[in-house]
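Heads up: the structure comes next, in structure tokens.
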């Protein structure tokens, strides 16, 4: 498991508390890689890939973001018979960031976000 320094943790928490969730995700990746994208010792590559994608999704940019937001909106329409607004989708992305950053970052470790979100073993 990769552990952040106190300074790194402080920077990530500051971005989270300022509601700059995508920036907080970016900091997680930057601190846990060697600058060339290779995970540092103890950092899980799969977790870092999730954080990279989550930054784009939270910003609402890129094909991955488009796919997730369109799929989520379609599921809301099918399951709830209601339409999701761009605000609703952004709020959902922010809520995920709050949960992941509160749980994961609070432990000073980069764990798999899937385990955090679904409270399960992977």
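Each residue in the stretch 22-38 was checked for being under 23 Å from residue 96 (Cα atoms) and over 15 Å from the mean Cα position of the chain (by Cα), and 1 pass.
Out of everything in the stretch 25-48 that is free of Cβ contacts under 8 Å to residues at least 24 places away in the same chain and surrounded by fewer than 21 Cβ atoms within 10 Å (Cβ to Cβ), what residue ends up being nearest to residue 1 (Cα to Cα)? Selected residue: 45.
Within the stretch 7-21, how many residues are touching a helix residue (DSSP H, G or I) at 6+ places or on another chain (Cβ under 8 Å) and either farther than 16 Å from residue 96 by Cα or outside any helix (DSSP H, G or I) (or both)?
4
Is it the case that residue 51 is surrounded by 18 or more Cβ atoms within 10 Å (Cβ to Cβ), closer than 20 Å to residue 90 by Cα, touching a helix residue (DSSP H, G or I) at 6+ places or on another chain (Cβ under 7 Å) and in contact (Cβ under 8 Å) with a residue 24 or more places away in the chain? For residue 51, the condition - surrounded by 18 or more Cβ atoms within 10 Å (Cβ to Cβ), closer than 20 Å to residue 90 by Cα, touching a helix residue (DSSP H, G or I) at 6+ places or on another chain (Cβ under 7 Å) and in contact (Cβ under 8 Å) with a residue 24 or more places away in the chain - is met. Just one residue in the set 102, 109 is loosely packed, with under 15 Cβ neighbours inside 10 Å, at pLDDT below 85 and under 30 Å from residue 2 (Cα atoms); that residue is 102.
How about the stretch 77-91: which of its residues are modelled with pLDDT under 85 and surrounded by 13 or more Cβ atoms within 10 Å (Cβ to Cβ)? If the condition is that a residue be modelled with pLDDT under 85 and surrounded by 13 or more Cβ atoms within 10 Å (Cβ to Cβ), then 84, 88, 89 are the ones that fit. Looking only at residues of the stretch 42-76 that are modelled with pLDDT under 90 and assigned to a loop (DSSP other than H, G, I, E, B), we find that the one that is farthest from the chain's Cα centre (by Cα) is 42.
The values are calculated or read from the model by the stated rules, or taken from the named source; none is laboratory data. Computed from a predicted structure; not experimentally measured. Neighbour counts are summed over all protein chains in view; Cβ atoms, including those assigned to glycine, are modelled from backbone coordinates with ideal geometry.
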